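The structure appears below as structure tokens.
The values are calculated or read from the model by the stated rules, or taken from the named source; none is laboratory data. Just so it is clear, the model here is predicted, and its values are computed rather than measured. FYI the Cβ positions are ideal-geometry reconstructions off the backbone, even for glycines, and counts take in every protein chain you see.
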Amino acid sequence: MLLPLDVLSIFLGSRYAPDTLGLSTDWQPNDGAVNTISMNQDYVGDLVEFDGVSEIGKWNQMTQLSGLDHLAVTGVTLLYQVLGIYEAHMELLYSLPVGSSSSRRLVTANSTVTAKLNSAIASLNMATASIQTQEDLETLYENPINTYAENYCANMLNTTLVNDTIATANATVEAATNTSINTDVSSTRMLRG
């Protein structure tokens, strides 16, 4: 996760006042900008799996990326796996109706396009899941594509920098709200989804 969003995700996923109303904690997991429960649907219309045909009046859910920060999906870390996702999305957008149709909703899509998109997402999820250790990161970052990627890689490999930044963010939030935040980075990240 981008460090500025990491700080926001801690704030969004925390409670700073007594819970006298007994509110649910389902809203707490977030991506640093939006709570994840709000990302799925409005809970008025039904949620259905997208299979190449859009269902009017329903939320058509597509396969999701998992374990990626907002910069990784731009291709800084897993460059070649990300290209497949952009290509598949382009084909899906290309299949949208045009011309005399005033509708922007996807009526039908070639099942091959949907399968390609699902495959690209699964491939990127698998590549992301394969990065479990410092050595995995070092292998991934052996040949950065430019100086920006090289700097990003150096920062990602420097876990002390990340942990120090999170600790500083926690201290800032604690001081501003007069509360206590769990400073164990691994469990804090897990709580946020």
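For segment 134-193, enumerate the residues that are out of contact with any helix residue (DSSP H, G or I) (no Cβ under 9 Å at 6 or more places or on another chain), modelled with pLDDT under 70 and of a type in the set (D, E, K, R).
The answer is Asp164, Asp184.
Do you know which of the residues in segment 13-61 that are in contact (Cβ under 8 Å) with a residue 40 or more places away in the chain, touching a strand residue (DSSP E or B) at 6+ places or on another chain (Cβ under 8 Å) and assigned to a loop (DSSP other than H, G, I, E, B) is farthest from Leu117 (Cα to Cα)?
It comes out as Gly13.
What residue, of Gly32, Gly22, is modelled with pLDDT under 80, of a type outside the set (A, V, I, L, M), on the phi > 0 side of the Ramachandran plot and not assigned by the TED database to the domain that holds Thr172? Give the steps one after another, and end with the answer.
On the way: Gly22 fails: modelled with pLDDT under 80.
Exactly one of Gly32, Gly22 is modelled with pLDDT under 80, of a type outside the set (A, V, I, L, M), on the phi > 0 side of the Ramachandran plot and not assigned by the TED database to the domain that holds Thr172, namely Gly32.
Go through segment 82-106 residue by residue and tally those that are at pLDDT 65 or above, outside any helix (DSSP H, G or I) and farther than 15 Å from Ser54 by Cβ. Full working, then the answer.
Step one: list which residues in segment 82-106 are at pLDDT 65 or above, which gives 82-96, 98.
When the remaining residues are screened for being outside any helix (DSSP H, G or I), the result is 95-96, 98.
Next cut, farther than 15 Å from Ser54 by Cβ only: 98.
Within segment 82-106, residues that are at pLDDT 65 or above, outside any helix (DSSP H, G or I) and farther than 15 Å from Ser54 by Cβ number 1.
For the list (1) more than 23 Å from Asn30 (Cβ to Cβ); (2) at pLDDT 70 or above; (3) under 21 Å from the mean Cα position of the chain (by Cα), I need the number of the one condition that Gln64 fails.
If we test Gln64 against (1) more than 23 Å from Asn30 (Cβ to Cβ); (2) at pLDDT 70 or above; (3) under 21 Å from the mean Cα position of the chain (by Cα), just (1) comes out false.
Looking only at residues in segment 14-43 that are in contact with a helix residue (DSSP H, G or I) (Cβ under 6 Å, 6 or more places away or on another chain) and not acidic (Asp, Glu), which one is surrounded by the most Cβ atoms within 10 Å (Cβ to Cβ)?
Within segment 14-43, the subset in contact with a helix residue (DSSP H, G or I) (Cβ under 6 Å, 6 or more places away or on another chain) is 16, 26-27, 29-30, 32.
Add one more test, that the residue is not acidic (Asp, Glu), and what stays is 16, 27, 29-30, 32.
On the way: Tyr16: 12, Trp27: 13, Pro29: 17, Asn30: 22, Gly32: 20.
Checked segment 14-43; the qualifying residue surrounded by the most Cβ atoms within 10 Å (Cβ to Cβ) is Asn30.
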